[in-house]
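Have a look at the structure below, then the notes.
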2 protein chains.
Amino acid sequence: MTDRTFASPDLAGDNRRSALERKLGHYMTLTYSERDALRWLERRERRYAAGSVVLHENEETDALHVVASGWLHGSTRLPDEARQILRFYFVGDLTTTFSIAWGVSAATLTAVSDCTLYEFPRDALWRIFSEHPRLAGLFYGVAASEQVAMADRLTSVGRTDAITRIGKLLLDIRSQLRVVDGESGSTFELPLTLQDLGDAVGLTKTHVSRTLKKLEDQRLLERDGRIIRIVDVAELASRVGFEDRYGHIATDWLPDAAPR
Amino acid sequence: MTDRTFASPDLAGDNRRSALERKLGHYMTLTYSERDALRWLERRERRYAAGSVVLHENEETDALHVVASGWLHGSTRLPDEARQILRFYFVGDLTTTFSIAWGVSAATLTAVSDCTLYEFPRDALWRIFSEHPRLAGLFYGVAASEQVAMADRLTSVGRTDAITRIGKLLLDIRSQLRVVDGESGSTFELPLTLQDLGDAVGLTKTHVSRTLKKLEDQRLLERDGRIIRIVDVAELASRVGFEDRYGHIATDWLPDAAPR
DNA sequence: CGCTAATTTGATTTTCGTCAATGAACGTGG
DNA sequence: CCACGTTCATTGACGAAAATCAAATTAGCG
């Protein structure tokens, strides 16, 4: 439990059920042919060490990725060197949305933990769209839910104070790492610096430090190095107004059986 | 030119070339059958007066919309009554992303000007996805570009000061209204209150007032009631680091001719 | 063990928010 | 057509949250 980063390599053999398949299968029952199609996106495996950059902002690329293990973040930099972390990517996520709309990436993709990605070309995405419309619809739905997640972050940054922003961010990350420890508590490794946290929610590292201390003083949080323990998830969630939107998206507009 | 709001009603007859068709046709050459399919989304016309609410946050709905004329915004409200305006919608935009992923809308959709929308059920979207994969791909690309636009707003709110936020927002709106008046200058009607502007960029109405005054003092902006004139677009753009990302999205991963 | 990067803490400044009052614009009804 | 009320914009005084600047301390890593 101390090092989540390396939770998957040895399991990888078992997990060859495909990261995408497991995530999307949770939303909708997939046909064999759809599963096959998803596995086609996961033929080229790449490994990245924690902290390494997978793709630079404005870099020209044809490659898209599925996260197989570990996590990453997408960020952008302003002329004055300020950085905004736009979102995080977890197992089963596609990193298409910042690069599919243009020839270049709109964000820098950085590995937070050691991670494994599957790389595939844009053409492969076309294959899915042309032959598996239900998957295309699901991709669209997932993109929509990601847009809502970013809207939540925007609301947090634009309209709430430091404690709420940090609290929400930690709950959000916890929720996506899905590490539950005991009844209401939750422990996980957070390999992010204060600078990273600040860049995600629009605060300076100095103020993030003070804010985390406040959360500790209020007995909502415990820290031991990179290990974070949210003492009472429900309490913190209600305090900062966190609502977990993941885990479900509507597929009722897609037919049940496989078409064609 | 004084009243953009009413620019389209009389043109509407001519514009029955379909708002979506004109927008998407700009990105990619569409086949006749694709054009037809898009027009199928525009059979039920609805009109909304400026300020009226099209759809409430958390409201259950099956309806999706295409903007035919006018503009709108999507917003969300926090328990403490604070509001965040998440994005604006202009002619040719789809309002699907906040409602397709769940049975309820994740945002309140409000008409900024008088506007005309085309309403269609989710099933109609499936029709497109199943029969016109290139359009599905294009929808996906558009959703991705919208995500990048929201990422830009997040960066603006999280990492820049009041002048930059407001300046960027005005340039953004101007750019989407695409009303150019003269060489480098630009005049348009802005039917938003200071509260609205503040809710879009995370500032109070009081501070928005002061910020607009500063922009005027610096001869970057002129105001006359609801009429805004950006004195020198290029100058303001470089001052606040605005980059116009609209007008183009990549379609090279989609085949040229119609498939099937 | 020592170097570097990250964190913590304090002092101070800045930006933006809050509160409150005034004024202008607009629409409505008498 | 004017009086009135409502909403919105402006302005000023003040306060609070977060940024900045600057050490000092700690943790991580080779």
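The values are calculated or read from the model by the stated rules, or taken from the named source; none is laboratory data. If you're wondering where the values come from, they're calculated on a predicted model, not measured in any experiment. Cβ placement follows ideal geometry from the backbone for every residue including glycine, while neighbour counts extend to all protein chains displayed. Side chains included, ligands, DNA and RNA excluded: accessible areas come from the protein's heavy atoms. Shrake-Rupley method; radii C 1.70, N 1.55, O 1.52, S 1.80 Å.
Any idea which of A:VAL208, A:VAL240 is among the aliphatic types (A, V, I, L, M) and farther than 20 Å from A:GLN84 by Cα?
Residue meeting the stated conditions: A:VAL240.
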The helices (runs of 4 or more DSSP H) lying entirely within the range A:86-204 that contain at least 1 residues which are closer than 24 Å to B:TRP102 by Cβ are A:122-131, A:133-159, A:162-177
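Tell me, please, whether a residue that is touching a residue at least 12 places away in the same chain (Cβ under 8 Å) and within 20 Å of B:GLN176 (Cα to Cα) can be found in the range B:35-47.
Among the residues of the range B:35-47, not one is touching a residue at least 12 places away in the same chain (Cβ under 8 Å) and within 20 Å of B:GLN176 (Cα to Cα), which makes the answer no.
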Test: A:ASP152 is open to solvent by 20 Å² or more (accessible area, probe 1.4 Å), more than 14 Å from DNA strand C (Cβ to nearest atom), in the same structural domain as A:ALA50 (by TED's automatic domain parsing) and in contact (Cβ under 8 Å) with a residue 12 or more places away in the chain: yes
Need pairs with beta-carbon distance below 7 Å; first residue in contact (Cβ under 8 Å) with a residue 24 or more places away in the chain and within the range B:234-254, second assigned to a helix (DSSP H, G or I) and open to solvent by 70 Å² or more (accessible area, probe 1.4 Å); sequence gap 6+ or separate chains. B:TRP253/A:ASP123
Could you list, in sequence order, the residues of the range A:236-256 that are open to solvent by less than 70 Å² (accessible area, probe 1.4 Å) and either more than 23 Å from the chain's Cα centre (by Cα) or among the β-branched types (Val, Ile, Thr) (or both)? A:VAL240, A:ILE249, A:THR251, A:TRP253, A:LEU254, A:PRO255
Would you mind stating whether B:LEU221 is away from DNA strand D (no atom under 15 Å from the Cβ) and either open to solvent by less than 10 Å² (accessible area, probe 1.4 Å) or closer than 30 Å to B:MET28 by Cβ (or both)? no
Would you tally the residues in the range B:86-121 being within 9 Å of another protein chain (Cβ to nearest Cβ) and either surrounded by 20 or more Cβ atoms within 10 Å (Cβ to Cβ) or among the polar types (S, T, N, Q) (or both)? 10
Filtering the range B:185-211 for residues that are surrounded by fewer than 21 Cβ atoms within 10 Å (Cβ to Cβ), over 21 Å from the mean Cα position of the chain (by Cα) and either within 11 Å of DNA strand D (Cβ to nearest atom) or within 14 Å of chain A (Cβ to nearest Cβ) (or both) leaves a count of 6
Return only the number of the condition from (1) more than 14 Å from chain A (Cβ to nearest Cβ); (2) within 15 Å of DNA strand C (Cβ to nearest atom) that B:ILE230 does not satisfy. (2)
Any residue that is in contact (Cβ under 8 Å) with a residue 40 or more places away in the chain, of a type in the set (A, V, I, L, M) and within 16 Å of DNA strand C (Cβ to nearest atom) - is there at least one of those in the range A:217-226? yes
Could you list, in sequence order, all residues of the range A:155-180 that are open to solvent by 30 Å² or more (accessible area, probe 1.4 Å), in contact with a strand residue (DSSP E or B) (Cβ under 7 Å, 6 or more places away or on another chain) and within 16 Å of DNA strand C (Cβ to nearest atom)? A:ARG159
Positions within the range B:139-158 being more than 7 Å from chain A (Cβ to nearest Cβ) and within 16 Å of the chain's Cα centre (by Cα), in sequence order: B:VAL142, B:ALA149, B:ASP152
